[in-house]
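A.B. asks: Take this structure, written in structure tokens, and hold onto it; I'll ask about it next.
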2 protein chains.
Amino acid sequence: MAQIIECIPNVSEGRRADLVGAIAAAIRQVPGARLLDYSSDASHNRSVFTFAGDAAAVKTAVLAMYAAVLPAIDLRAHSGEHPRLGAIDVIPFVPIEGVTMAECVALAKEAAQEIAARYGVPIYLYEEASADPARKNLEDIRRGEFEGLAAKMASDGWAPDYGPSAPHVSAGASVIGARMPLIAYNINLNTDRLDVAKKIAAAIRHSSGGFRFVKAAGFELKDRGLVQVSMNLTNYEKTPIFRVFEAVRREAERYGVTIRESEIVGLVPAGALNAVAEYYLQVSGFSADQILENKLRANDDGE
Amino acid sequence: MAQIIECIPNVSEGRRADLVGAIAAAIRQVPGARLLDYSSDASHNRSVFTFAGDAAAVKTAVLAMYAAVLPAIDLRAHSGEHPRLGAIDVIPFVPIEGVTMAECVALAKEAAQEIAARYGVPIYLYEEASADPARKNLEDIRRGEFEGLAAKMASDGWAPDYGPSAPHVSAGASVIGARMPLIAYNINLNTDRLDVAKKIAAAIRHSSGGFRFVKAAGFELKDRGLVQVSMNLTNYEKTPIFRVFEAVRREAERYGVTIRESEIVGLVPAGALNAVAEYYLQVSGFSADQILENKLRANDDGE
């Protein structure tokens with residue numbers, strides 16, 4: 001099976017369309033790197049690129065992004081609503097097919113080392129690539145932002161994993177690591193009671209005692225007269241969608257509320273949906289090799 | 001998206017391994033036709049080949065099978081447990097990806113016409129390719145078998161759709177058509193009461209008043225002390241897995257019985273499983289384009 005790693009760099013530029021286009025072009029010109037999507041937010045002054053390929057192609061594309069970004073973005077003159085530490089702020093590597101998390105961690109470390117050596121940008125590892133519990137969460141590493149970075153880097157416990165022990169003068173630092181694919185998942189409730197959505201969100205999210213790989217908040221959908229439990233599922237293998245759905249349903253019952261519908265926002269790995277089908281059908285002994293399309297594609301590789 | 005049609009010819013030879021191998025080789029040598037699987041049953045004296053490709057490749061492979069089979073199989077000297085009408089007995093074309101059922105029906109008719117013209121084998125259309133309700137089911141067309149074929153073909157309403165109005169002397173006739181992928185699906189019950197499995201099978205199968213695209217029977221799993229409702233789902237879009245599962249669960253409750261587990265035997269289309277996930281999660285507005293692997297593959301095609 002061909003190796004597929006997804007890479008989703010976040011860059012601190014969301015206003016200059018020509019520069020964003022030039023960064024996209026730098027990714028596209030790498031053989032084997034397929035740019036799937038990119039989008040910019042002007043008020044955040046930030047762009048997100050999504051591309052995929054094998055380890056070698058993805059690493060080459062990341063290095064090509066630095067070559068395009070470093071001469072063009074100066075964080076000393078950058079403002080935007082979204083917190084950021086670096087010109088290339090965050091780079092997650094995500095295992096999709098034919099590749100393990102351990103291999104993505106190894107790739108993150110290799111890329112970090114080469115970026116630090118070639119461009120002099122200090123790198124913090126995060127998520128699965130970080131062994132230090134205090135330096136796993138992006139929010140913890142990014143706290144203080146670019147403006148506070150020099151002081152933070154000089155303080156106890158905040159030496160970078162790779163590169164110089166002071167910020168790059170215009171590009172700050174980058175946070176690089178490996179993580180599972182995120183699933184953006186919302187459940188809409190048959191009620192307009194915002195307190196119910198907020199209580200359910202608090203019950204199921206990790207930060208307040210819920211499932212380990214769930215982030216959640218309650219929102220109003222005013223135009224529809226409904227409320228929503230809006231979630232990010234950060235590891236669908238360890239905290240699967242069906243378990244979260246059933247927990248929300250049960251919590252809602254306690255308030256006499258039912259589920260109107262749920263929504264998967266953006267992309268979802270096939271394995272996350274297959275696990276839902278297996279759960280509700282009580283399927284035993286199922287393998288992804290039994291999916292007709294996988295069988296057809298496996299054969300494609302063989303000939 | 002590349003066109004993928006699956007073709008599953010059933011051939012009346014399950015004992016001569018050299019001949020079965022030669023038929024497989026005839027399929028394999030067609031460019032664009034990918035032989036996925038083949039298996040023989042000696043007591044049935046029958047082999048099933050599974051291959052896939054676009055319309056042109058699949059049709060070429062079918063014609064190549066006739067060239068290999070006609071000189072080698074003589075039904076006048078053939079015996080086996082499985083009913084059969086022809087040396088190449090049945091050929092279904094199944095739409096998998098980038099192709100409609102109507103296109104598979106057109107392909108079945110084209111192949112039928114060419115086989116009749118080139119090899120003088122009469123052809124009956126079946127399933128979606130047949131417009132006559134009395135000639136849709138394979139069992140109805142095959143009733144009387146090879147031995148009764150000459151009389152049947154001469155009787156009212158049984159002229160073939162293509163080719164001569166008498167059987168091919170050694171190869172009989174072939175039944176060719178288009179159908180949805182079959183799903184072999186079993187539900188095991190927490191009881192050893194065979195009557196319960198048989199009553200549930202009768203309740204859900206088409207032939208006795210149940211769902212239109214379900215065939216079902218009740219069996220004992222003696223070594224496990226359980227019974228099984230064993231099913232073929234013949235159109236998962238119109239009679240989806242989840243609806244059948246829920247109906248079996250509800251019928252079982254009426255006898256105080258619960259479901260132990262279910263099993264998907266062999267291959268299942270990804271769409272059939274995705275529909276299960278959408279149903280139980282009450283997902284609204286979902287599209288297969290949101291599946292990460294599909295997005296990655298769509299992009300593969302583009303570059």
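A.B. asks: Which order do A:81, B:127 take when ranked by solvent-accessible area (1.4 Å probe, heavy atoms of all protein chains), largest first?
C.D. replies: A:81, B:127
A.B. asks: Output needed: percent of Cα pairs per 10 Å distance bin for the protein assembly as shown, bins running from 0 to the one holding the longest distance.
C.D. replies: 3, 14, 20, 21, 17, 12, 9, 4, 1, 0
A.B. asks: If you don't mind, another one. Using a 7 Å offset from Cα along the direction of the beta-carbon, what are the separations from residue B:194 to the same position in each other copy, nm, ascending?
C.D. replies: Distances between equivalent label points, in nm: 6.4.
A.B. asks: For the full complex of protein chains and a 1.4 angstrom probe, list A:34, B:143 by accessible area with the highest value first. Walk me through the numbers on the way to the answer.
C.D. replies: Details: A:34 35, B:143 145 Å².
Highest to lowest solvent-accessible surface, that is B:143, A:34.
A.B. asks: Still on this structure, I have one more. Return, for the Cα atoms of region A:6-59, the radius of gyration and Dmax in Å, separated by a comma.
C.D. replies: 11.1, 34
A.B. asks: Here's another thing I want to ask about it. List residues of region A:66-85, by number, whose backbone nitrogen lies under 19 Å from a label position 7 Å along Cα→C-beta of residue A:43.
C.D. replies: Answer for this model: A:79-84.
A.B. asks: Name the residues whose placed amide hydrogens come within less than 5 Å of the amide hydrogen of residue A:97, ignoring near sequence neighbours (fewer than 5 apart) on the same chain.
C.D. replies: Sorted by chain and number, the residues that satisfy this are A:4.
A.B. asks: Collect residues whose amide H, placed 1.01 Å from N in the peptide plane, falls under 5 Å from the amide H of residue A:162; neighbours closer than 5 in sequence don't count.
C.D. replies: Those lying under 5 Å, H to H, from residue A:162 are A:123.
A.B. asks: A follow-up question, please. With respect to the cross-link table entries B:199/B:238; A:152/A:238; B:136/B:198; A:109/B:295; A:199/B:238; A:136/A:238, which display a Cα-Cα separation exceeding 29 Å? Don't skip to the answer; put the middle values down first.
C.D. replies: Working: B:199/B:238 23 Å; A:152/A:238 33 Å; B:136/B:198 26 Å; A:109/B:295 27 Å; A:199/B:238 39 Å; A:136/A:238 17 Å.
The answer is A:152/A:238; A:199/B:238.
A.B. asks: Averaging sequence separations of C-alpha pairs under 8 Å and six or more residues apart, then dividing by the length of region B:1-94, give the relative contact order as a whole percent.
C.D. replies: 41 percent
A.B. asks: On to the next question. Can you list the copy-to-copy distances for residue B:164, using a point 7 angstrom from Cα toward Cβ, in nanometres, shortest first?
C.D. replies: When each copy's label point is compared with this one, the spacings are 9.0 nm.
A.B. asks: When the Karplus curve 6.51 cos²θ - 1.76 cosθ + 1.60 is applied with θ = phi - 60°, which whole-Hz ³J(HN,Hα) does each residue of region A:123-135 get, with x for Gly and Pro?
C.D. replies: 10, 9, 7, 9, 6, 5, 7, 9, 8, 9, x, 6, 10
A.B. asks: Quick one: label points 7 angstrom along Cα→Cβ at residue B:209, distances to the other copies in nm, smallest first?
C.D. replies: Output for residue B:209: 5.2 nm, nearest copy listed first.
A.B. asks: Related question: Are there any trypsin sites (Lys or Arg not before Pro) in region B:205-303 that are in a DSSP loop and have at most 16 other Cβ atoms within 10 Å? List them by number. All intermediate terms of the calculation are to be shown ahead of the outcome.
C.D. replies: Values: sites: B:205, B:212, B:215, B:222, B:224, B:238, B:243, B:249, B:250, B:254, B:260, B:295, B:297; in loops: B:205, B:212, B:238, B:254.
Sites meeting the loop and neighbour criteria: B:212, B:238, B:254.
A.B. asks: Right, another one. Taking only Cα atoms and a 10 Å spring cutoff, compute GNM fluctuations for chain B and point out the largest among B:110, B:147, B:253.
C.D. replies: Highest fluctuation among the options: B:253.
A.B. asks: At 0.36 nm per residue, minus the direct Cα-Cα distance, what do residue A:54 and residue A:288 gain on full extension? Give it in nm, one decimal, please.
C.D. replies: Answer, rounded to one decimal: 82.1 nm.
A.B. asks: Work out the FRET efficiency for residue A:254 and residue B:165 from their Cβ-Cβ distance, taking R0 = 56 Å, and round it to the nearest 0.05.
C.D. replies: Working: r = 72 Å, r/R0 = 1.29.
Plugging the Cβ-Cβ distance into 1/(1 + (r/R0)^6) gives 0.20.
A.B. asks: Oh, and also: Rounded to the nearest 20 debye, what is the charge dipole size of region B:146-303 about its Cα centre when +1 sits on each Lys and Arg Cβ and -1 on each Asp and Glu Cβ?
C.D. replies: The dipole magnitude comes to about 680 debye.
A.B. asks: Sum up the charges of everything whose Cβ sits under 9 Å from the Cβ of residue A:89, counting Lys and Arg as +1 and Asp and Glu as -1, but leave residue A:89 out.
C.D. replies: That sum, taken over residues with Cβ under 9 Å, equals +3.
A.B. asks: For a Förster distance of 60 Å, can you work out the FRET efficiency between the beta-carbons of residue A:117 and residue B:22, rounded to the nearest 0.05? Numbers along the way, then the final one.
C.D. replies: Details: r = 60 Å, r/R0 = 1.00.
In this case the efficiency is close to 0.50.
A.B. asks: Report the residue, chosen from B:291, B:73, B:91, that carries the largest GNM mean-square fluctuation when chain B is represented by alpha-carbon nodes joined by springs under 10 Å.
C.D. replies: For chain B, modelled as a Gaussian network with Cα springs under 10 Å, the answer is B:291.
A.B. asks: HN-Hα J couplings of region A:230-242 from phi, Karplus 6.51/-1.76/1.60, θ = phi - 60°, integer Hz, Gly and Pro as x?
C.D. replies: Each residue's phi maps through the Karplus curve to give 9, 9, 10, 9, 9, 7, 6, 7, 8, 10, x, 4, 4 Hz.
A.B. asks: Could you give the angle, 0 to 90 degrees to the nearest 10, between helix A:270-280's Cα long axis and the longest principal axis of the Cα atoms of chain A?
C.D. replies: Once rounded, the angle reads 20 degrees.
A.B. asks: Now for a separate question. Just the C-alpha atoms of region B:63-141: what Rg/Rh do they give, with Rh taken as the Kirkwood radius? Display every interim value, and only then the final one.
C.D. replies: Values: Rg = 13.7 Å, Rh = 14.0 Å.
Taking Rg over the Kirkwood Rh, I get 0.98.
A.B. asks: Summarise the accessible area of the protein assembly as shown (1.4 Å probe, protein heavy atoms) by the percent that is carbon and sulfur.
C.D. replies: 49 percent
A.B. asks: Once the Cα atoms of helix A:17-28 and of chain A are each reduced to a long axis, what angle between those two axes, in degrees from 0 to 90 to the nearest 10, is obtained?
C.D. replies: 90 degrees
A.B. asks: Classify region A:168-290: rounded, prolate or oblate, from the alpha-carbon gyration tensor (a ≥ b ≥ c, eigenvalue square roots; a/c under 1.5 rounded; otherwise prolate if a/b is larger than b/c)?
C.D. replies: Oblate is the answer for region A:168-290, as a/c is 1.5 or above yet b/c matches or exceeds a/b.
A.B. asks: For residue A:147 paired with residue B:74, estimate the spin-label separation in nm (one decimal), with each label point 7 Å from Cα along the Cα-to-Cβ line.
C.D. replies: Between residue A:147 and residue B:74, the label points sit 9.5 nm apart.
A.B. asks: Answer rounded, prolate or oblate for chain B, using the Cα gyration tensor with square roots of eigenvalues a ≥ b ≥ c: rounded when a/c is under 1.5, else prolate when a/b is larger than b/c, else oblate.
C.D. replies: Note, shape of chain B comes out oblate.
A.B. asks: Which whole-number percent is the relative contact order of chain B (Cα, under 8 Å, 6+ apart)?
C.D. replies: Dividing the mean separation by the residue count of chain B yields 15 percent.
A.B. asks: Another one. Tabulate in residue order the Karplus-calculated ³J(HN,Hα) for region B:59-71, using 6.51 cos²θ - 1.76 cosθ + 1.60 with θ = phi - 60°, rounded to whole Hz; enter x for Gly and Pro.
C.D. replies: Whole-Hz 3J(HN,Hα) from phi for region B:59-71: 5, 4, 5, 5, 5, 5, 5, 4, 4, 7, 7, 4, x.
A.B. asks: With a ≥ b ≥ c taken as the square roots of the eigenvalues of the C-alpha gyration tensor of region B:97-153, please select rounded if a/c is under 1.5 and otherwise prolate if a/b is larger than b/c or oblate if it is not? Don't skip to the end; give the middle numbers.
C.D. replies: Numbers: a/c = 2.98, a/b = 1.45, b/c = 2.05.
Oblate, because a/c is 1.5 or more while a/b does not exceed b/c.
The values are calculated or read from the model by the stated rules, or taken from the named source; none is laboratory data. Nothing here was measured: the structure is a model prediction, and the numbers come from that model. Every residue, glycine as well, gets a Cβ built from its backbone with ideal geometry; the counts of neighbours run over all protein chains shown. Note: accessible area is taken over every heavy atom of the protein model, side chains too, but ligands, DNA and RNA are not part of it. Shrake-Rupley method; radii C 1.70, N 1.55, O 1.52, S 1.80 Å.
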